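The values are calculated or read from the model by the stated rules, or taken from the named source; none is laboratory data. Remember, it's a predicted structure, so these values are computed and weren't measured experimentally. Virtual Cβ from ideal backbone geometry, glycine too; neighbours counted across all protein chains shown.
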Amino acid sequence: MFTLRIIVIIACILFMVLVARQVSAGRLLLRYSLLWLTLTFITLLAAIFPEPVYMLAGVLGFNTPSNFVFFVALFFLLAICLSLSAVVSRQSKYINNLVQNIALLEKKLQDQNRNSDTSDQ
Amino acid sequence: MKIIIIIPAYNEADSIVSVVQEVIEAGYEYVVVNDGSKDRTLRICEEHGFSVLNLRDNLGIGGAVQSGHKYAREQEFFIDIQFDGDGQHDASFIEELIKPIIDGEADLVVGSRFLSDEGGFRSTFMRRVGITWLSFLIKIFGGIKITDPTSGFRACGPRAIELFCREYPIDYPEPESIVTAIGQGLRVKEVPVMMRERKKGSSSIGRLSSMYYMFKVSLAIFILGITRPSKKR
């Protein structure tokens with residue numbers, strides 16, 4: 001159990017460093033990194049102070065604490081995936097509007113040019 | 001009364017000229033929406049001096065038609081009509097299509113292949129089965145009988161233009177948008193039209209994706225149907 005906790009702690013720290021570097025390199029927006037950092041921080045806390053996890057697992061009726069951890073992790077990942085889908089959907093909408101607005105602007109410009117051409121003649 | 005024909009076109013290089021000429025001969029203003037075509041559609045339109053709204057990327061039929069609605073709103077057209085760029089639709093029916101809107105009886109008018117007995121092209125058997133199913137769904141969730149929900153030959157009055165500028169489904173939009181319109185309290189009406197068999201090009205719905213299409217549209221109508229009462233603004 002002790003070595004497992006050490007491994008988890010090291011993995012968490014490595015993951016945090018990775019996320020921080022992605023943010024500083026501009027590959028990940030800070031607002032999306034917060035989610036991952038928070039999650040890692042909670043995992044780190046659970047690895048350092050495992051007693052509350054054991055207790056919660058027992059109270060909620062899980063056979064082993066690891067099952068409880070897996071369950072919580074899976075749940076969080078699902079939630080994160082859903083939120084990512086929402087982000088993608090929002091961006092599709094933005095792109096849709098952008099492409100349309102560019103087309104409308106170009107059309108307006110063309111029509112203006114055409115009008116000024118005919119009025120010049 | 002300002003009226004404009006919206007002609008969505010995706011890779012319609014072979015048919016676009018005859019379609020636009022048909023509309024011009026019928027005496028209407030029009031705009032071609034080039035939906036990021038990969039063929040010579042845009043070039044041909046420019047060579048002929050057609051009025052084109054050019055989408056830089058392919059948005060799909062929904063995004064293309066919606067930009068037509070936005071153009072109609074911006075230019076303060078009173079009615080806009082969706083008229084496919086593949087030569088399926090017949091411009092001589094436009095007058096009947098817009099009549100209910102001019103008479104103040106409807107906000108959205110759908111041209112239906114199935115309302116009259118006069119024949120014309122009526123799609124394949126399997127597609128008709130799908131259409132019957134969608135009709136049934138719209139009847140349940142919208143309470144109105146629409147015989148040809150996938151028809152892309154439609155006329156929109158001011159309220160429908162306003163609504164579709166705000167929200168319009170991205171892919172396979174026709175049946176879903178009918179339910180949206182009903183849900184927002186718009187009056188939807190059908191008039192009989194005849195359609196021609198598509199000369200060139202293929203339907204926006206491929207054979208492989210038709211199952212996905214039916215599922216997606218059914219789901220969309222279902223979700224709209226069950227969330228409608230709370231969504232009314």
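If you take just the strands (runs of 3 or more DSSP E) that sit entirely in the range B:13-112, which of them hold at least 3 residues that are of a type outside the set (Ser, Thr, Tyr), within 14 Å of chain A (Cβ to nearest Cβ) and within 17 Å of residue B:152 (Cα to Cα)? Walk me through how you get there before you give the answer.
On the way: elements: B:29-35, B:52-55, B:79-82, B:108-112.
It comes to B:29-35.
Can you pull out the residues in the range B:162-202 that are surrounded by 22 or more Cβ atoms within 10 Å (Cβ to Cβ), within 14 Å of chain A (Cβ to nearest Cβ) and part of a helix (DSSP H, G or I)?
Within the range B:162-202, just B:164 meets the criteria.
Within 26 Å of residue A:95 (Cα to Cα) and touching a strand residue (DSSP E or B) at 6+ places or on another chain (Cβ under 7 Å) - does that describe any residue in the range B:12-29?
No, there is no match, as no residue in the range B:12-29 is within 26 Å of residue A:95 (Cα to Cα) and touching a strand residue (DSSP E or B) at 6+ places or on another chain (Cβ under 7 Å).
Within the range B:89-106, is there a residue that is touching a strand residue (DSSP E or B) at 6+ places or on another chain (Cβ under 7 Å), among the charged types (D, E, K, R) and within 20 Å of residue B:225 (Cα to Cα)? Write out each step before concluding.
Taking the range B:89-106 and keeping what is touching a strand residue (DSSP E or B) at 6+ places or on another chain (Cβ under 7 Å), we get B:93-94, B:96-98, B:100-101, B:105-106.
Retained after the next criterion (residues that are among the charged types (D, E, K, R)): B:96, B:105.
With the extra rule that they be within 20 Å of residue B:225 (Cα to Cα), the set shrinks to none.
No, the range B:89-106 has no match at all.
Filter the range B:74-117 down to residues that are polar (S, T, N, Q) and touching a Lys or Arg at 6+ places or on another chain (Cβ under 7 Å) and give me whichever is nearest to residue A:105 (Cα to Cα).
B:82
Being away from every other protein chain (no Cβ under 14 Å), under 18 Å from the mean Cα position of the chain (by Cα), of a type in the set (Val, Ile, Thr) and under 20 Å from residue B:23 (Cβ atoms): is that true of residue B:138 here?
It is false that residue B:138 is away from every other protein chain (no Cβ under 14 Å), under 18 Å from the mean Cα position of the chain (by Cα), of a type in the set (Val, Ile, Thr) and under 20 Å from residue B:23 (Cβ atoms).
The conditions are (1) in contact (Cβ under 8 Å) with a residue 40 or more places away in the chain; (2) farther than 30 Å from residue B:67 by Cβ, and residue A:13 fails exactly one of them. Which is it?
Result: residue A:13 fails condition (1) only.
Please pick out the residue among A:21, A:31 that is on the phi < 0 side of the Ramachandran plot, modelled with pLDDT under 90, out of contact with any helix residue (DSSP H, G or I) (no Cβ under 8 Å at 6 or more places or on another chain) and charged (D, E, K, R).
Working: A:21 fails: modelled with pLDDT under 90.
Just one listed residue meets the conditions, A:31.
Yes or no: residue B:10 of a type in the set (Phe, Trp, Tyr) and within 14 Å of another protein chain (Cβ to nearest Cβ)? Don't jump to the end; show me each part of the working.
Numbers: of a type in the set (Phe, Trp, Tyr): yes; within 14 Å of another protein chain (Cβ to nearest Cβ): yes.
So residue B:10 fits the description; yes.
List the helices (runs of 4 or more DSSP H) that sit entirely inside the range A:1-63 and contain at least 3 residues that are hydroxyl-bearing (Ser, Thr, Tyr). First the steps, then the outcome.
On the way: elements: A:2-24, A:30-48, A:51-59.
Correct list: A:30-48.
Can residue B:67 be described as modelled with pLDDT under 95 and either closer than 27 Å to residue A:92 by Cα or polar (S, T, N, Q) (or both)? Give the steps one after another, and end with the answer.
Working: modelled with pLDDT under 95: no; either closer than 27 Å to residue A:92 by Cα or polar (S, T, N, Q) (or both): yes.
Against the criterion (modelled with pLDDT under 95 and either closer than 27 Å to residue A:92 by Cα or polar (S, T, N, Q) (or both)), residue B:67 does not qualify.
State whether one or more residues within the range B:71-82 are crowded, with 23+ Cβ neighbours inside 10 Å and farther than 13 Å from residue B:5 by Cα.
Looking through the range B:71-82, none of the residues is crowded, with 23+ Cβ neighbours inside 10 Å and farther than 13 Å from residue B:5 by Cα.
Tell me which of these residue B:4 doesn't satisfy, since it passes every other one: (1) within 14 Å of another protein chain (Cβ to nearest Cβ); (2) touching a residue at least 60 places away in the same chain (Cβ under 8 Å); (3) in contact with a Leu (Cβ under 8 Å, 6 or more places away or on another chain).
Among (1) within 14 Å of another protein chain (Cβ to nearest Cβ); (2) touching a residue at least 60 places away in the same chain (Cβ under 8 Å); (3) in contact with a Leu (Cβ under 8 Å, 6 or more places away or on another chain), the lone unmet condition for residue B:4 is (3).
Determine whether the range A:84-103 contains at least one residue that is under 21 Å from residue A:45 (Cβ atoms) and more than 24 Å from the chain's Cα centre (by Cα).
So the first thing to find is which residues in the range A:84-103 are under 21 Å from residue A:45 (Cβ atoms), and the list is none.
No - not one qualifying residue is present in the range A:84-103.
Every residue, every condition in (1) aromatic (Phe, Trp, Tyr); (2) free of Cβ contacts under 8 Å to residues at least 40 places away in the same chain; (3) under 19 Å from residue A:7 (Cα atoms), yes or no:
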position: A:28; (1), (2), (3): no, yes, no
position: A:35; (1), (2), (3): no, no, no
position: A:43; (1), (2), (3): no, yes, yes
position: A:47; (1), (2), (3): no, no, yes
position: A:56; (1), (2), (3): no, yes, no
position: A:62; (1), (2), (3): yes, yes, no
position: A:65; (1), (2), (3): no, yes, yes
position: A:68; (1), (2), (3): yes, yes, yes
position: A:74; (1), (2), (3): no, yes, no
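Restricting attention to the range A:71-100, which residues are out of contact with any Lys or Arg (no Cβ under 8 Å at 6 or more places or on another chain) and within 14 Å of chain B (Cβ to nearest Cβ)?
Step one: list which residues in the range A:71-100 are out of contact with any Lys or Arg (no Cβ under 8 Å at 6 or more places or on another chain), which gives A:71-98.
Matches in the range A:71-100: A:88, A:89, A:90, A:91, A:92, A:93, A:94, A:95, A:96, A:97, A:98.
Going by what's in this entry, would residue B:132 be described as part of a loop (DSSP other than H, G, I, E, B) and farther than 20 Å from residue B:226 by Cβ? If you could, list the steps in order and put the result at the bottom.
Working: part of a loop (DSSP other than H, G, I, E, B): no; farther than 20 Å from residue B:226 by Cβ: yes.
Against the criterion (part of a loop (DSSP other than H, G, I, E, B) and farther than 20 Å from residue B:226 by Cβ), residue B:132 does not qualify.
Considering only the range A:58-67, I want to know if a residue exists there that is touching a Pro at 6+ places or on another chain (Cβ under 9 Å) and surrounded by fewer than 15 Cβ atoms within 10 Å (Cβ to Cβ).
From the range A:58-67, those touching a Pro at 6+ places or on another chain (Cβ under 9 Å) are A:58, A:65; that's our starting set.
This time we only want the ones that are surrounded by fewer than 15 Cβ atoms within 10 Å (Cβ to Cβ), so: A:58.
Yes, there is a match, as at least one residue in the range A:58-67 is touching a Pro at 6+ places or on another chain (Cβ under 9 Å) and surrounded by fewer than 15 Cβ atoms within 10 Å (Cβ to Cβ).
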